[in-house]
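J.: One structure, as structure tokens, below. Some questions next.
The values are calculated or read from the model by the stated rules, or taken from the named source; none is laboratory data. In this text, all values refer to a predicted model and were calculated from it rather than measured experimentally. Neighbour counts are summed over all protein chains in view; Cβ atoms, including those assigned to glycine, are modelled from backbone coordinates with ideal geometry.
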Amino acid sequence: MNAQKDFATVNGTRLHYEVAGSGHTVILVHGFSVDTRMWDEQFELLAQSYRVIRYDMRGFGESDLPDDKPYDPC
């Protein structure tokens, strides 16, 4: 499987993401204290039928650490 790996800048912070597959989109969001790797098994399987996106939230995995501003998920 060839997943596209890249970074997107959101509210001044670089977020790491991966995209694979095609079709309807499924977005995988990791739990607290982990990163995109928690979806390794599901990512490949889902990409066989869907366009799958997974990303590292701010401060996790390959995404940048939060700055000194208060956290705002929006």
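J.: Restricting attention to the range 4-24, which residues are within 13 Å of the chain's Cα centre (by Cα) and either exposed (fewer than 15 other Cβ atoms within 10 Å of the Cβ) or of a type in the set (K, R) (or both)? Before you say what the answer is, go through the steps one by one.
T.: From the range 4-24, those within 13 Å of the chain's Cα centre (by Cα) are 4-10, 14-20; that's our starting set.
Hits for the range 4-24 are Q4, K5, D6, A8, T9, V10, R14.
J.: A further question on this structure: Failed condition for R51, given (1) modelled with pLDDT of 90 or more; (2) out of contact with any His (no Cβ under 9 Å at 6 or more places or on another chain), with all others met?
T.: (2)
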